[in-house]
Amino acid sequence: MPSTSRAGSLKDPEIADLFFREDPEKLFTDLREIGHGSFGAVYFARDVRTAEVVAIKKMSYSGKQSNEKWQDIIKEVKFLQRIQHPNSIEYKGCYLREHTAWLVMEYCLGSASDLLEVHKKPLQEIEIAAVTHGALQGLAYLHSHNMIHRDIKAGNILLTEPGRVKLADFGSASIASPANSFVGTPYWMAPEVILAMDEGQYDGKVDIWSLGITCIELAERKPPLFNMNAMSALYHIAQNESPTLQSSEWTDYFRNFVDSCLQKIPQDRPHSEDLLQHAFVLRERPESVLIDLILRTKDAVRELDNLQYRKMKKILFQEAHNGPTTETQEGDEPEHGPGHTGTVSSVGSNQSIPSMSISASSQSSSVNSIPDAADDKSDHDLEKDHTVMSNSSVIHLKPVHTFMPSCITQIREEQMSGYKKHSKRKSLVELNENQSTPKKEKQEWLLKQKENFQHYQAEEEANLLRRQRQYLELECRRFKRRILIAKHNVEQDLVREELNKRQTQKDLEHAMLLRHHESMQELEVRQLGTIQKMRTELIRLQHQTELTNQLEYNKRRERELRRKHVMEVRQQPKSLKSKELQIKKQFQDTCKIQTRQYKALRNHLLETTPKSDHKAVLKRLKEEQTRKLAILAEQYDHSINDMLSTQALRLDEAQEAECQVLKMQLQQELELLNAYQSKIKMQTDAQHDRERKELEQRVSLRRALLEQKIEEEMVTLQNERSERIRSLLEKQAREIEAFDSESMRLGFSNMVLSSLPKKDFISPAITLIQRISLSIVLSLLLAFLAFKGMNYHIH
Ligand code: ADP
Ligand code: MG
């Protein structure tokens, strides 16, 4: 255990800072006991430096479980240091002396429970409303700071002289909400606190429940189920309907308020803040309600039977200190320190019902608490703890409820101060002395009964102890088994979580691969599309250019031909002239030949013909000659004309033919080009189609491969998963088997270990304890009645 947790150790500076170093004996005088709790006593005292009146709660941390007590003290001091609110007790500091912490607080006149005790009747509704209002404001403050009081009851709601309501006793409080320990005072405990023993959690709503019970306590003097033993009450609270106000005298506001506080399901129960708006607390009431109540109480105390109710004189302490009172102090000499015997006798039940607390850290010690209780057993144990009211008398029974049925339960055992035990015994003796003995046999019978009873009780207690021990062992075993199963569940959850994580990772990876594939596909398609479009465009341009070139070429050819024709036309007269000359020459040659032939003929004729005839022959010849030449000339003209006309005609025709040929040639060429181009286009389209198909095939193949890979990985993962889970389950089954066979070896039946439903573990102990305590109560009542009968007889 760390040194800081050793009782009284101040090595940790954080702990040391919680305490003042002065000697409290020197600082505070005039100590008088005013209250009692589970830890020790509370005192009225005066601060010698300021003469201020204070209350001092003395808490011892020696003896058994000193470390736990020390931790409790540190917890309470830390809590008190944290809080500051008009409706919570003001904390003034803590001192250490002789293994006792002196917790100094503002002084209060008494608790709401003291009021009930003085008046012996319920408070009035407006008084209850005022007390509840104050307590609720204190609770709202705690809850808003995420704290839980956990022990709200009339005994822990104090009143100051000027009529202020103060929450006190933070020994059970929780600094955090939600909490889950089993803490509080049984009759005031909320159902969820009782059930929280079994892994549950609760929050500030538990204080609201306790406040509801406190309302009933103030209205009926006792909390519901108070006539039951604590265990049965716990069982009852957890299992049954919520209690309600019994009498019909209360207003609907009050009833409704109590009903809201006592909603069994915490979620249905309002928050403290909500309840501050409830008509029950908001309703008009005189401001002086509580001051009047205090005055009334003081008056009542002054009139109390001195012998029986001197304890309640504490309500007048402050008054006595502050100024003269009508009463004289009747020998109330204070005794200092715990364990001293005081002169203030106490017959009333001022001793509060102890609150309980369990914490996970006190598991080991809690198991020890059972033998402790048994070891301590002595006759004054009879006076301890649980209180059963019966008319005007009080009997103290063994605290049966301290035997909690769970191995994790620890009860804050009340530390009876010596004076209290002593004084109670003393008062019993006094009563015995007071009575005369008219019927001796009756007394003897009583003594015998008492002896019998003690014998029976010892036996029963030994039995109970044995059964308790067995039960605890069983519980421990069962608890361990539950822990083992819980561990297994956690292991399973962890493995599942890990596997799920991996599965999710794989799924993500696969989704990413698919996405990648899809975007790749899209890219490829887009790229191919672009390439093809570009190619088509290129071809189109090329074709266009080719066409343009061709057309230009055509035009040039035509232009050239035209130019040639023009030249031809221009050159035509020249050739004609030469031809004309040629014809002319031919004509002249012919004429010459003609003339020579004529001369030859003339000569011949002249020779052959007589001279006389010459003349006629010559004449005829001349005529002939002239006629022939005329024909020649005519022929010449004709052939010239003829030549000229045929020449022009031939030129036109030739040119026309040439044009025609060119046109045809060009046309043919253009057609060839067109055919070529459309062939290219078709080839390109076909190529594009092919490319697209190839891409599609490639992509779908890739996709198929990817899907196959994903499928394979999934199967592998699934196999791994079932393998891991199977081996884990096998391992866990082996563990459980080993645990169970060990249990069998130790003598526990498996069925008992595993079959009982979790929440039912209270009931066997209850029936056991109930049976025993019932028999004790019955025999005691019997004895008591006989005893009372004798008392009546005396008076
Ligand atoms: P426990 O934890 O044992 O219940 P408390 O703190 O409730 O201890 O104190 C026990 C009793 O002492 C209270 O019921 C009340 O009567 C009395 N008491 C406690 N504190 C004061 C105080 N500041 N002024 C007057 N009386 C007090
Ligand atoms: Mg208390």
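The values are calculated or read from the model by the stated rules, or taken from the named source; none is laboratory data. Just so it is clear, the structure is predicted and the values come from calculations on it, not from any experiment. Counting neighbours? That spans all protein chains shown, and the Cβs are built from the backbone with ideal geometry, glycine included.
One table, with the values for the structure above:
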item	result
Residues that are of a type in the set (S, T, N, Q) and touching a Lys or Arg at 6+ places or on another chain (Cβ under 8 Å), drawn from segment 458-515	503
Close pairs (6 angstrom Cβ cut-off, 6 or more residues apart or separate chains): touching a residue at least 60 places away in the same chain (Cβ under 8 Å) in segment 603-619, surrounded by 10 or more Cβ atoms within 10 Å (Cβ to Cβ) anywhere	none
Filtered residue count, segment 178-211, keeping only those that are within 16 Å of ligand 1 (Cβ to nearest atom), over 20 Å from residue 260 (Cα atoms) and among the small types (Gly, Ala, Ser)	2
Residue 43 vs. criteria closer than 21 Å to residue 160 by Cα, touching a helix residue (DSSP H, G or I) at 6+ places or on another chain (Cβ under 7 Å) and within 16 Å of ligand 2 (Cβ to nearest atom)	no
Filter result for the condition that a residue is exposed (fewer than 14 other Cβ atoms within 10 Å of the Cβ), more than 60 Å from the chain's Cα centre (by Cα) and closer than 17 Å to residue 680 by Cβ, over 551, 547, 538	538
Hey, residue 149 out of contact with any strand residue (DSSP E or B) (no Cβ under 6 Å at 6 or more places or on another chain) and more than 30 Å from residue 299 (Cα to Cα) or not	yes
Any hit, segment 229-247, residues being within 28 Å of residue 287 (Cβ to Cβ), more than 16 Å from ligand 1 (Cβ to nearest atom), touching a Gly at 6+ places or on another chain (Cβ under 8 Å) and not aromatic (Phe, Trp, Tyr)	no
Restricting segment 133-154 to residues that are among the small types (Gly, Ala, Ser) and closer than 22 Å to residue 254 by Cβ, the residue that is farthest from ligand 1 (Cβ to nearest atom)	140
Every residue from segment 638-668 that is of a type in the set (Asp, Glu) and modelled with pLDDT of 90 or more	none
Among the candidates 696, 713, 720, 707, residue that is over 39 Å from the mean Cα position of the chain (by Cα) and either among the acidic types (Asp, Glu) or modelled with pLDDT of 95 or more (or both)	696
Filtered residues of segment 150-161 (kept if within 14 Å of ligand 2 (Cβ to nearest atom) and either of a type in the set (D, E, K, R) or within 12 Å of residue 76 (Cβ to Cβ) (or both))	150, 151, 153
Scope segment 188-233; condition in contact with a Pro (Cβ under 8 Å, 6 or more places away or on another chain) and among the small types (Gly, Ala, Ser); matching residues	190, 219, 230, 233
Extreme residue, farthest from ligand 2 (Cβ to nearest atom), among residues of segment 104-121 that are under 16 Å from residue 298 (Cβ atoms) and within 42 Å of the chain's Cα centre (by Cα)	112
Of residues in segment 163-177 being more than 13 Å from ligand 1 (Cβ to nearest atom) and touching a helix residue (DSSP H, G or I) at 6+ places or on another chain (Cβ under 7 Å), the one nearest to residue 110 (Cα to Cα)	163
Residue match in segment 240-252 (condition: farther than 22 Å from residue 127 by Cα and not hydroxyl-bearing (Ser, Thr, Tyr))	yes
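Listed here are the residues, each with its yes/no results for (1) within 16 Å of ligand 2 (Cβ to nearest atom); (2) under 24 Å from residue 314 (Cβ atoms); (3) of a type in the set (D, E, K, R).
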{"position": "85", "(1), (2), (3)": "no, no, no"}
{"position": "123", "(1), (2), (3)": "no, yes, no"}
{"position": "127", "(1), (2), (3)": "no, yes, yes"}
{"position": "132", "(1), (2), (3)": "no, yes, no"}
{"position": "137", "(1), (2), (3)": "no, no, no"}
{"position": "140", "(1), (2), (3)": "no, no, no"}
{"position": "147", "(1), (2), (3)": "no, no, no"}
{"position": "163", "(1), (2), (3)": "no, yes, no"}
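This table checks each residue for (1) modelled with pLDDT of 95 or more; (2) within 36 Å of the chain's Cα centre (by Cα); (3) crowded, with 18+ Cβ neighbours inside 10 Å.
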position: 30; (1), (2), (3): no, no, no
position: 35; (1), (2), (3): no, no, yes
position: 38; (1), (2), (3): no, no, yes
position: 42; (1), (2), (3): no, no, yes
position: 49; (1), (2), (3): no, no, no
position: 63; (1), (2), (3): no, no, no
position: 68; (1), (2), (3): no, yes, yes
position: 88; (1), (2), (3): yes, yes, yes
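Conditions (1) within 16 Å of ligand 2 (Cβ to nearest atom); (2) of a type in the set (D, E, K, R); (3) part of a loop (DSSP other than H, G, I, E, B), marked per residue:
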site	(1), (2), (3)
171	yes, no, yes
181	no, no, yes
193	no, no, no
200	no, no, yes
211	yes, no, no
214	yes, no, no
